[in-house]
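For reference, the structure is listed below as structure tokens.
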Amino acid sequence: MDDIKEFLIKHFGRPRRLFMLGLVMTIPFILLAWMSFYDWGFVGTLDEMIGAEFYDERESLLNTFFIFITRLGDGWFIALLTLAVSGYTGFYKKNKQIAWWYFITVSVGAGVMNQVVKYIFQRERPTDFEPLIEQGGYSFPSGHAMGSMIAYGALLFLIIRTYSKWKVILPSIIVIIPLIALIGISRIYLGVHYPSDIIGGYSLGLAVLSVSLGIYSLYLTKKEIRNPVDTTGQE
């Protein structure tokens, strides 16, 4: 397991590769943004077809499940998570650098940037089906998809970097990655987003996270490029 971790850090944790990944991850978002100038066209039709499949599966138990899941991507919950993780990492683990990195990345990426991009495109939310929850604002890109990718993705990075034991890292991977996916799915199921909103949110969110990781890795290059695992606060 340690060899796998070392391999991932060595080959995918370099600043240049992270910046390149960030650039590549913007491609789906850029394509969708380009299509938006043509009133979504084929993508809009595909959105409605896929959305209809989700709506046909609605039933009481799934409604309750996806409403709960979507709350884990709500702005207020992400804000509380950001404060809790930043505070725990900075004050308890005594790692203020990574605590500030997490706080700034989530606040700017999941908060400010998403709202700015939404305002630029001003896509209205789905209206063909009855939404199961009330949701204001614009639709593209999904704030829940983008926010969960950044907040939970950054949390996973923080866990991998702070802890050395796989009994902590592996369960985190098993929980966090499916959670990110489920939050996006919940937005389609509940009728408040199109599938393309989710793809755009994930794409832009992963791009922001990759660039932020690249900047952080660049900052640590001189000190830790040959020993990227923190020696402070390990479990």
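The values are calculated or read from the model by the stated rules, or taken from the named source; none is laboratory data. Values in this document were obtained by computation on a predicted structure and should not be read as measured data. Quick reminder, even Gly has a Cβ in these numbers, built from the backbone with ideal geometry, and neighbours come from all protein chains shown. What goes into the accessible areas is simple: the full protein's heavy atoms, side chains included, and nothing from ligands, DNA or RNA. Shrake-Rupley method; radii C 1.70, N 1.55, O 1.52, S 1.80 Å.
Summed over the stretch 72-131, residues that are modelled with pLDDT under 90 and assigned to a loop (DSSP other than H, G, I, E, B) total 13. Taking residue 192 as the residue in question, decide whether it is part of a loop (DSSP other than H, G, I, E, B) and of a type in the set (Val, Ile, Thr). The answer is yes for residue 192.
From the list 139, 148, the one residue that fits, being touching a residue at least 40 places away in the same chain (Cβ under 8 Å) and assigned to a helix (DSSP H, G or I), is 148. Restricting attention to the stretch 98-126, the residues that are of a type in the set (S, T, N, Q) and in contact with a Gly (Cβ under 9 Å, 6 or more places away or on another chain) add up to 2. Scan the stretch 39-56 for residues that are exposed (fewer than 14 other Cβ atoms within 10 Å of the Cβ) and among the acidic types (Asp, Glu) and the total you get is 3. One residue stands out in the stretch 57-113 among those that are of a type in the set (Lys, Arg) and touching a helix residue (DSSP H, G or I) at 6+ places or on another chain (Cβ under 8 Å): the one that is least open to solvent (accessible area, probe 1.4 Å), namely 93.
Looking at the stretch 176-223 only, could you name the residues that are at pLDDT 90 or above, more than 14 Å from the chain's Cα centre (by Cα) and of a type in the set (A, V, I, L, M, F, W, C)? Those that are at pLDDT 90 or above, more than 14 Å from the chain's Cα centre (by Cα) and of a type in the set (A, V, I, L, M, F, W, C): 188, 190, 192.
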